[in-house]
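Structure record follows, encoded as structure tokens.
The values are calculated or read from the model by the stated rules, or taken from the named source; none is laboratory data. Nothing here was measured: the structure is a model prediction, and the numbers come from that model. Cβ atoms come from the backbone with ideal geometry, glycine included; neighbour counts cover every protein chain shown. Accessible surface is based on the protein model in full, side chains and every heavy atom, while ligands, DNA and RNA are left aside. Shrake-Rupley method; radii C 1.70, N 1.55, O 1.52, S 1.80 Å.
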Amino acid sequence: MRVALAWPIVVGTALACALTSCTEPEPKVSAASVTTSVPNGATVGPSDPLVVTAHRGVLTSVTVTADGGTALPGELTDGGRKWSSTAPLEFSKTYRVQAQAQDAERIPAPPANSTFTTATPADEVTVDRTRPTDGDEVGVAMPISIYFTKPVTDRAAVERRLSVEPSVPTEGSFHWMADDQVNWRPKDYWKPGTAVKVRARLYGVDTGGGVMGTADHEANFRIGRDQRAIGDVNTHMFTVYQDGQEIRQLPASYGRSIYPTQSGVHVAFEKHTSVRMRSDSWGGPQKGDPGFYDEVLPNAVRISNNGEFVHVNGATVWAQGESNVSHGCINLSPENGKWFFDFVQIGDPVEIVGSDRPLTTADGDIPDWTIPYPEYVQGSALYQAR
């Protein structure tokens with residue numbers, strides 16, 4: 001009886017399929033897909049993190065392994081749509097990527113599998129140092145200098161990885177001084193109290209010819225009080241200002257006519273309680289020639305690399321405030337020179353006026369303010385004429 005009852009059901013089902021042409025339902029295709037930031041088979045510098053992205057869906061698993069099976073760590077963001085590596089890629093490695101995703105209906109997409117290789121540096125380059133250094137407090141005229149351990153061929157590639165981040169909005173520009181030095185200065189003097197972060201994200205960057213950055217660098221510094229000095233070679237006075245107010249006038253003696261103190265904005269960048277000065281060290285009178293000198297003088301503030309200092313010189317007190325008798329330095333009395341030495345900060349501007357010989361880019365370690373700003377911005381490797 002049970003078999004007989006089953007037979008009409010089978011026949012009925014067969015007849016229904018015959019009449020309606022029954023077929024198996026087509027499997028649904030996932031709307032999701034997966035891409036990686038590094039194409040399959042590529043060789044790349046390890047400067048950027050690896051990013052795996054799910055489109056029209058979310059990632060369900062991401063595994064990235066290097067040679068030897070070492071897993072690359074990463075994190076999911078954007079609601080599970082993006083995975084980014086959280087450790088830097090290594091040089092000279094082959095990475096294998098396996099990733100899966102599913103769409104909104106939880107239908108899995110085909111797994112994504114790819115392989116890529118990171119480059120092997122032909123040589124290495126890093127940031128040797130920065131000025132200001134980390135933790136410094138400097139005056140309003142101090143530019144930023146970044147020095148590299150090797151010359152940079154691809155300046156644009158490197159400059160794209162540099163950033164200056166002031167706490168106060170500040171217009172400024174990079175300017176390459178040499179293949180191993182790039183500076184950044186604000187259009188106008190810094191605002192006092194500004195905190196500045198300098199970053200050089202060089203790791204993995206090809207700086208030219210396969211020479212690659214192997215480390216990042218960061219420095220933080222702060223702008224101190226607004227302190228300035230103006231030296232007038234014709235009135236023989238040296239006037240000091242703080243926060244926009246004149247606070248002291250100091251009688252001074254400047255360079256004699258054959259060795260004039262050069263006009264323009266200098267920057268105080270070294271302080272020495274005593275320093276040996278020789279005229280032949282900056283192209284002045286040589287040993288045995290008239291005017292040659294070799295002496296140690298106290299409380300000296302260097303304001304350029306062409307031999308110019310603001311310093312104590314007790315031997316010229318008789319001329320200070322009256323005439324110019326030096327070889328280009330700014331001579332002050334022992335009392336006034338000690339006061340200025342204690343007062344001045346590294347990075348304070350010292351502007352010389354009235355001289356017919358201008359300071360040039362060839363004269364100073366910090367020539368940034370001798371270059372008009374429209375020309376300064378053209379020294380950036382990323383400059384584009386507007």
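Numbers at a glance
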item	result
Cβ-Cβ under 7 Å pairs, at least 6 apart or on other chains, region 318-344 side assigned to a loop (DSSP other than H, G, I, E, B), far side among the acidic types (Asp, Glu)	Gly328/Glu308; Cys329/Glu308
Number of the condition not met by Arg357 [criteria: (1) open to solvent by less than 70 Å² (accessible area, probe 1.4 Å); (2) touching a Gly at 6+ places or on another chain (Cβ under 9 Å)]	(1)
Inter-residue pairs, beta-carbon under 9 Å, first free of Cβ contacts under 8 Å to residues at least 60 places away in the same chain and farther than 24 Å from Ala32 by Cα and in region 59-74, second surrounded by fewer than 17 Cβ atoms within 10 Å (Cβ to Cβ) and of a type in the set (Lys, Arg), 6+ apart	Ala66/Arg96
Subset tally (residues that are crowded, with 17+ Cβ neighbours inside 10 Å and touching a strand residue (DSSP E or B) at 6+ places or on another chain (Cβ under 6 Å)) for region 156-165	3
Output for region 190-215, where each listed residue is in contact with a helix residue (DSSP H, G or I) (Cβ under 9 Å, 6 or more places away or on another chain), outside any strand (DSSP E or B) and not small (Gly, Ala, Ser)	Leu202, Val205, Thr207
Within region 134-155, considering residues that are open to solvent by less than 40 Å² (accessible area, probe 1.4 Å) and outside any loop (DSSP other than H, G, I, E, B), the one farthest from Lys197 (Cα to Cα)	Phe148
Members of region 259-288 found to be of a type in the set (Gly, Ala, Ser), free of Cβ contacts under 8 Å to residues at least 60 places away in the same chain and either surrounded by 14 or more Cβ atoms within 10 Å (Cβ to Cβ) or part of a loop (DSSP other than H, G, I, E, B) (or both), listed by number	Ser279, Gly283, Gly284, Gly288
Every pair of residues 6+ apart whose Cβ atoms lie under 6 Å, when the first sits in region 305-317 and is of a type in the set (A, V, I, L, M, F, W, C) while the second is surrounded by fewer than 17 Cβ atoms within 10 Å (Cβ to Cβ)	Val312/Pro298; Val312/Pro334
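Residue-by-condition table, conditions (1) in contact with a strand residue (DSSP E or B) (Cβ under 9 Å, 6 or more places away or on another chain); (2) outside any loop (DSSP other than H, G, I, E, B); (3) surrounded by 19 or more Cβ atoms within 10 Å (Cβ to Cβ):
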{"site": "Asn220", "(1), (2), (3)": "yes, yes, no"}
{"site": "Gly231", "(1), (2), (3)": "yes, yes, yes"}
{"site": "Asn234", "(1), (2), (3)": "yes, no, no"}
{"site": "Phe238", "(1), (2), (3)": "yes, yes, yes"}
{"site": "Tyr241", "(1), (2), (3)": "yes, yes, no"}
{"site": "Ile247", "(1), (2), (3)": "yes, yes, no"}
{"site": "Leu250", "(1), (2), (3)": "yes, yes, yes"}
{"site": "Ser257", "(1), (2), (3)": "no, no, no"}
